[in-house]
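Presented below is the structure to which this report refers.
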Amino acid sequence: MTQDTVLEVKHISKSFPGVKALDDVSFSVRRGSVHVLCGENGAGKSTLMKIINGLYQPDHGETLIRGERVKIDSPIKAGELGISMIFQELNYTPEMSIEESLFAGRWPTRSLGRIDWSAIRSKTLQLLQQENLPFDPETKLKALSISNLQMLEILKAISRDADIIIMDEPTSSISNKEIETLFHKIADLRARGKAIVYISHKMDEIFRIADEISILRDGRVVETRARADFDIDSVIALMVGRALGHGYPKEEVAHGEPVLEVERFSGPTGFRDVSFRVREGEIVGFAGLVGAGRTETARALFGLDPGAHGTIKVRGRTSKIGSVQDSVACGMVMLSEDRRRFGIVPVRDVKENVTLASLAQFFRNGHLHNAMERKKVTDICERINVRMPTIDSPVGTLSGGNQQKVVLSKWMLCNPDILILDEPTRGIDVGAKFEIYKLMTSFVKERKSILMISSELPELIGMCDRIYVMAGGRITGELARAEFSQETIMRYAMNMPKAG
Amino acid sequence: MTAVMSRETWQKLKTRYSIYMVVIVMIIVCNALNPNFLSTRNISNIAAQISVTTILAFGETLLVICGLLDLSCGSVLALAGVLSVYIFKETGSMAVAFGAGLFFGVVCNYVNGILVRYFSIPAFIATLAMMTMARGGALLFTRGQNIYQIGDYVWFGQGQIGFIPVPVVFMVIIGIVTWYILGHTRFGRSLYAVGGNEEAARASGINIGRIKIQAYLINGAFVGLAGILLMSRTNVGAPNAGQGYEFEALTAAIIGGTSFSGGLGTAGGTLAGAFIVGFLNNIMNLLGVDSYLQQVIKGAIIALAVGYDMWAKVNRTKKSLGAVELSSKPKEAKS
Amino acid sequence: MTAVMSRETWQKLKTRYSIYMVVIVMIIVCNALNPNFLSTRNISNIAAQISVTTILAFGETLLVICGLLDLSCGSVLALAGVLSVYIFKETGSMAVAFGAGLFFGVVCNYVNGILVRYFSIPAFIATLAMMTMARGGALLFTRGQNIYQIGDYVWFGQGQIGFIPVPVVFMVIIGIVTWYILGHTRFGRSLYAVGGNEEAARASGINIGRIKIQAYLINGAFVGLAGILLMSRTNVGAPNAGQGYEFEALTAAIIGGTSFSGGLGTAGGTLAGAFIVGFLNNIMNLLGVDSYLQQVIKGAIIALAVGYDMWAKVNRTKKSLGAVELSSKPKEAKS
Amino acid sequence: AEYKVAFIARAQADSFAAWLANAIQDEAKKYPDMKVDVMDSQADDAKENAFIENAVANKYDLIIVQPNNGEAQRPYVERAVKDGVKVITTNARIKNIPGSSSVDADPYAQAAVNARLALKQVPQNANVVVLDGPSGNMHADMRRDAWQKEFFAKRPDVKIVGEQIAHWNKEEAMRYMEDWVQANPKIDAIISMNDNMAAGALEAVKADPRFTGILAYGVDGTAEAMLLIQSGKMTSTALQNAYDLAAKNISVAHDLVTGKVKQIDTDIDCPLVTKDNVAEFIAIHKKSGAIK
Ligand SMILES: Nc1ncnc2c1ncn2[C@@H]1O[C@H](COP(=O)(O)OP(=O)(O)OP(=O)(O)O)[C@@H](O)[C@H]1O
Ligand SMILES: Nc1ncnc2c1ncn2[C@@H]1O[C@H](COP(=O)(O)OP(=O)(O)OP(=O)(O)O)[C@@H](O)[C@H]1O
Ligand SMILES: [Mg+2]
Ligand SMILES: [Mg+2]
């Protein structure tokens, strides 16, 4: 390896019960470069990064930092060695304030071990201003949306001034505008000689920022090359091990009566006068930037946040906005963008998680039909390619993307009339995405409806029949399929419908 | 590959059943120490001795799995027990007295459930308040005096069905009920989900509040039954009975692998936990160990048993670090 | 705008200080019920009476905030206390005896910490084992006999500094120490981080294991001190002292807003919780309420107090969602 | 009422203490000028001391203290006396506090009458089991001491095959006995420091033909023990008559507050109850309704 190599791992192997997550992996990063890691869900990307960050210990293999052999036995050690990491799974302390979490574990102190709160405040304000994030430093993390948490996480990792920065799917829950900001940041860091490891399932991103690309498959590095030596198709082929269908499996479905009509819907979480409708057999998209209020609208609609007002009609009948149970009774369910908090029950196994929302199907007179449950769960997991040791493995041990697939399976299985999906393909690899789109299509073909919130414009454009655009808590535009284009959507999202 | 599989399987067995291994080791050691230990008579004694707290422990298991707990069970047991005894003496009907015992257990726990559900009072405080209230109630009702001469009522606690003591039969039935609830009913699934991640359970359309109340109601029936058994076993309606039983019940559940962080626990584990404590007390008495020393040894062995169990599990998980990862759900403050 | 602000502020005050409101209301009511209540003598009595459990409660607060707890404090208190008394009688030195009390408290809690950290034993079981062991140890050491005639040693528990009883002075000092640790030190903030989300704390580079051990060590010093105060207050080295104090200490902490789900709690809240229980016991005795009825009333009032506190908090969170949103709205949206 | 009296009970969950508290309340009704409040120390020294302090602060005229642990309560009683409050210590008096009065039954004597009977009854080379009260408890210790001096010291042939602290508790005693009979095919006598535990031990062997003739000694004279003695299952107990104790306490209290006497120390007696004389004691319990 060249002198520039700051981080190198050699022959790393790591097993978990039932899986060999990493198998003789070697990998290196040069200073002033971005090394992208690609691979399917469960390929071992996060595991490798966690080993580098000291959270896991490898079974075999060694790590070299700036040419020296080191044993990284904890994140503390990693921090000392100049490594900082943005985790794929946002793991936060709900009761902590923004300023406290930014400096967690390295709070500056004065005499007598006293924490220097005023220093923390001023540094926080400085950082927030610098990054143009309009937060109050005292806000508790539990009040932030997942995208804002992601932005904070990025801020935290960068503010540590580390030499090696690992970013595990940092863009999975933020929208284009924030992604642009992040990429500027990365370019800047690269210019300052930092080494960056970047993991993402978004092909366009990968090719924009990579200097080198490594591809992991089933715990092995199958290829490492400079970006110029790759194209999208070859990357996908190497990742998946086969060729994939292109584009979106969108099919024309006749639209029927409106099933969901929302009028002048406002709520305390910051959306105002939102009106829209969804018809039978329709996939309706919600576009917008981070903080546009899409998630909040959907949560209030589903009954997760209290205090909203407005009228909601389901199949023409006015329904009360109350609890999740009311919504479920109306045949409406919602997949949350925050899978850790609202999606999975980490200590329980895949089977239980998948059937959680549709228990009625599997229990006759309160008694469990074991075989049927196993079969249905196995089927749906195979269909969208959930990778796990068995369906009896705790969901908490699955890779991030596979957890997302489990949550999706849960909602697909419960077969509702109206399915609200908030960032459904977050962290899901290209191969599985296609399967999920196919599932969505077959879903609406059964005269059901989908409301999809997504920050990935291509996905919205590819799959939706209509798109509403939100900005600042209001709907600023409604686009029919014929009018779809990234530019139009972005203009509405910035609340500047007129070009220019 | 098969070799790997079978090692895997062994690992898994070792992990999942490590607490039963502890039980087996204890049986072997105890038997070596005292040949009387494995006599039918002694084993059936132990089973009868632990029956009351084990029934309470099954209730705690249900509650702790769903993120709750019951500190009031020792007191509610006394209240339900003395009322049941009293009613028996008034009516002379075993059936009515039995029904009354369950009824009062359920009523007290309904209050627990309501305090937790509608007033958002933490389970610790709600059931602590009930603990004080129920004890006060039992003492008020009896003016602190025991009720003697309870006649046929003793059958519940001292009778035998075949050669098996009646309380043991009840314990087994409640164990099976708990096992069935946890593994085979919708309600059981919901308990695990609520305890494992309350917000995710709510977002999946589970009626959290109802589940919690139901958990308390079932626990209430168990507690009422335990009250009947304890009073009849000791042949006295004692308003001061059952002090500290909440601790013993929780201990059995936690030794058996139920976790205060919620979402984990089994009926079998709890039974194993109860037997571990029961064996320990029994063998030390059989051996005539000094009663102060007993306490020291008992503490040490419980730590040892759970330490081994954790080691067997973490050993697996250390390789996977799952234990840590698993506990990492962001906990929403239960305020 | 200012009007809105002040309503906001009021809301926030109400939420944050709701438990102190309960204390104030109690003082007013108690004073109306009995004019002796607010006499200096009575208040200083109450303060001295709650001092031991409150000191334990401060320790529990530290532990519960970081997701742990200590069931052994009642027993360790007894062990540390009798050893301290014994050493006083041997050496005649108050300083040595004081140091010894703290030392044994710390040692026992060091073991707790080790069991939790290195053997991954749940805190409930680890400290339960210690509870049994320490009690057994205290009884073994004294052969179950009280140590009488402890001479000057009683100063710790019965002396006065100015007109303030010595144990109250200690309680205040420990309260300030706890407040300082929690609010103003890295260690304190780490406690909140670990209790709030252990995995996130680990990823932030906090040494979880060390924090847990340190929490137990500090708790150990508090428990040792409580042991000294209790023995000297009761004028006897009693190996069976302090039974059930772990419960009372936890109750004070939880009433004061510390949450078993971790990451929440304050020293002030715990003190308020301790006073609520202390006032309650005191006023009922002043009024000569029947002692069985007292228990019923006590349970009900504790439920009421915590229910109000919860209501005040939940109420706020619902209303303020909008407020938080306002302050964190993207700038574009505002302009 | 003109006079306020506080009765600070050791632990109302302890059935003897509860009996005494009830008897005191009943007895107090006979004196319309006196109001008695009962407080429950829940077997905790610190709580009991707090009650004494509170009673002084609340200006009671007289305090009756049933100590949990005499030495622990001593300084508080002394302070109360110094503050001019009249004090009676009862059911284990605290000795040598000038100015305080006392009414008691002697715990040593209570156990000793049983021990002397046992001396004659327990066979040669007998195996016995012993059930103790909580350690540090003065009654528990004094009664055990009496058994030691009056019985075990004189009968070196007797072997203790099991001895445990059952905390005055029937259920615990029952468990211990169940275990002991597994390890010891022959047990000749149950020596218990109170009736509740003796009854528990008997409960464990009542259906076992090996132990039909087992001897069992208690103390207290609870209703249950009387019935067991009557039916021949239990051997003897010593009556610690709560009615007598209550009556004496209240009359002494009345004499003290009205200034009839300044200081008095008095005892009730503790008759031995056996099958021969049990009928007359059952009558006492019938009066109270504990036996129907
Ligand atoms: N703590 C754990 N315990 C058990 N198995 C684990 C654990 N963490 C990861 N695994 C397993 O290791 C494998 C690799 O997981 P990893 O998280 O590294 O995948 P990934 O490449 O990051 O996938 P994704 O794109 O979904 O994030 C998966 O099969 C996963 O189930
Ligand atoms: N629980 C909450 N309490 C108060 N404010 C909140 C809460 N959740 C979110 N918000 C605020 O509401 C606004 C909208 O949130 P969010 O960023 O999730 O919008 P969004 O349209 O769903 O965007 P995206 O889907 O891209 O994340 C943000 O300013 C956020 O801080
Ligand atoms: Mg990953
Ligand atoms: Mg969103």
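Here are a few things to note about the model shown:
- Filtered residues of region B:99-153 (kept if open to solvent by less than 50 Å² (accessible area, probe 1.4 Å) and aromatic (Phe, Trp, Tyr)): B:124, B:148, B:153
- Test: residue A:166 is within 16 Å of ligand 3 (Cβ to nearest atom) and either under 30 Å from residue A:4 (Cβ atoms) or within 14 Å of chain C (Cβ to nearest Cβ) (or both): yes
- Strands (runs of 3 or more DSSP E) within region A:175-269 that include 1 or more residues open to solvent by 40 Å² or more (accessible area, probe 1.4 Å): A:212-217, A:220-226, A:258-267
- Residues in region D:131-181 that are closer than 28 Å to residue B:279 by Cα, open to solvent by 20 Å² or more (accessible area, probe 1.4 Å) and away from chain C (no Cβ under 14 Å): D:159, D:160, D:161, D:172, D:175, D:176.
- Criterion applied to A:311, A:295 was being within 16 Å of ligand 4 (Cβ to nearest atom), open to solvent by 10 Å² or more (accessible area, probe 1.4 Å) and either more than 11 Å from every other protein chain (Cβ to nearest Cβ) or small (Gly, Ala, Ser) (or both), and the one residue passing it is A:295.
- The residue that is nearest to ligand 1 (Cβ to nearest atom), among those in region A:48-79 that are touching a residue at least 60 places away in the same chain (Cβ under 8 Å) and within 11 Å of another protein chain (Cβ to nearest Cβ), is A:53.
- Some residue of region C:22-41 being among the small types (Gly, Ala, Ser) and either open to solvent by less than 30 Å² (accessible area, probe 1.4 Å) or within 30 Å of residue C:141 (Cα to Cα) (or both): no
- At least 1 residues being within 16 Å of ligand 1 (Cβ to nearest atom) is the threshold, and among the helices (runs of 4 or more DSSP H) wholly inside region A:279-378 those reaching it are A:350-355.
- Scanning region A:408-439 for residues that are touching a strand residue (DSSP E or B) at 6+ places or on another chain (Cβ under 6 Å) and not in a loop (DSSP other than H, G, I, E, B) gives A:411, A:418, A:419, A:420, A:421, A:422.
- The set of residues in region D:258-285 that are open to solvent by 20 Å² or more (accessible area, probe 1.4 Å) and under 23 Å from residue D:87 (Cα atoms) comprises D:258, D:259, D:260, D:261, D:262, D:263, D:264, D:265, D:266, D:267, D:269.
- Evaluation of residue A:142 against (1) open to solvent by less than 50 Å² (accessible area, probe 1.4 Å); (2) within 16 Å of ligand 4 (Cβ to nearest atom) (one fails), failing number: (1)
- Here region C:212-241 is the region considered, the condition is being more than 19 Å from the chain's Cα centre (by Cα) and more than 14 Å from chain B (Cβ to nearest Cβ), and the residue that is most open to solvent (accessible area, probe 1.4 Å) is C:235.
- Search result, residues across region A:364-402 that are over 13 Å from residue A:354 (Cα atoms), surrounded by fewer than 24 Cβ atoms within 10 Å (Cβ to Cβ) and either more than 14 Å from chain B (Cβ to nearest Cβ) or within 16 Å of ligand 2 (Cβ to nearest atom) (or both): A:383, A:385, A:387
- Only helices (runs of 4 or more DSSP H) whose full extent lies in region B:138-209 are considered here, and the ones with at least 2 residues that are modelled with pLDDT of 95 or more and not basic (Lys, Arg) are B:166-184, B:186-196.
- So residue A:272, is it in a helix (DSSP H, G or I), within 16 Å of ligand 2 (Cβ to nearest atom), touching a residue at least 24 places away in the same chain (Cβ under 8 Å) and open to solvent by 10 Å² or more (accessible area, probe 1.4 Å): no
- Boolean, residue A:452 is hydrophobic (A, V, I, L, M, F, W, C), open to solvent by 20 Å² or more (accessible area, probe 1.4 Å) and within 16 Å of ligand 2 (Cβ to nearest atom): no
- Filtered by the rule that a residue be under 18 Å from residue A:120 (Cβ atoms) and either open to solvent by less than 10 Å² (accessible area, probe 1.4 Å) or not basic (Lys, Arg) (or both), region A:145-170 gives A:152, A:153, A:155, A:157, A:158, A:159, A:161.
- In this structure, residue C:158 does satisfy being open to solvent by 40 Å² or more (accessible area, probe 1.4 Å), within 25 Å of residue C:238 (Cβ to Cβ), under 22 Å from the mean Cα position of the chain (by Cα) and within 14 Å of chain D (Cβ to nearest Cβ).
- For residue B:287: the one exception among (1) over 15 Å from residue B:70 (Cα atoms); (2) away from chain D (no Cβ under 12 Å); (3) of a type in the set (A, V, I, L, M, F, W, C): (2)
- Residues of region A:422-449 satisfying the condition of being among the polar types (S, T, N, Q) and buried (at least 19 other Cβ atoms within 10 Å of the Cβ): A:425, A:449
- Lone unmet requirement of (1) under 30 Å from residue A:198 (Cβ atoms); (2) more than 16 Å from ligand 4 (Cβ to nearest atom); (3) under 21 Å from the mean Cα position of the chain (by Cα) for residue A:426: (2)
Residue-wise test of (1) over 29 Å from the mean Cα position of the chain (by Cα); (2) of a type in the set (D, E, K, R).
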site	(1), (2)
A:72	no, no
A:94	no, no
A:99	no, yes
A:109	yes, no
A:124	no, no
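- Residues (among the basic types (Lys, Arg) and either part of a loop (DSSP other than H, G, I, E, B) or under 27 Å from residue D:37 (Cβ atoms) (or both)) located in region D:199-256: D:206, D:233, D:248
- Residue in region A:114-136 that is within 16 Å of ligand 3 (Cβ to nearest atom), within 11 Å of chain C (Cβ to nearest Cβ) and open to solvent by 10 Å² or more (accessible area, probe 1.4 Å) present: no
- Qualifying residue in region C:66-76 (condition: in a helix (DSSP H, G or I), within 12 Å of another protein chain (Cβ to nearest Cβ) and closer than 30 Å to residue C:284 by Cα): yes
- If you go through region B:50-67 and keep only what is farther than 21 Å from residue D:13 by Cα and open to solvent by 10 Å² or more (accessible area, probe 1.4 Å), you end up with B:50, B:67.
- Any hit, region A:403-421, residues being within 14 Å of chain C (Cβ to nearest Cβ), open to solvent by 30 Å² or more (accessible area, probe 1.4 Å), under 30 Å from residue B:183 (Cβ atoms) and away from ligand 4 (no atom under 16 Å from the Cβ): no
- Hits in region D:84-93 - residues which are in a loop (DSSP other than H, G, I, E, B) and open to solvent by 10 Å² or more (accessible area, probe 1.4 Å): D:84, D:85, D:93
The values are calculated or read from the model by the stated rules, or taken from the named source; none is laboratory data. Fair warning: this is a prediction, and the values are worked out from it, not measured in the lab. Cβ atoms come from the backbone with ideal geometry, glycine included; neighbour counts cover every protein chain shown. Ligands, DNA and RNA are stripped out before the accessible areas are found, and what is left, the full protein with its side chains, is counted by its heavy atoms. Shrake-Rupley method; radii C 1.70, N 1.55, O 1.52, S 1.80 Å.
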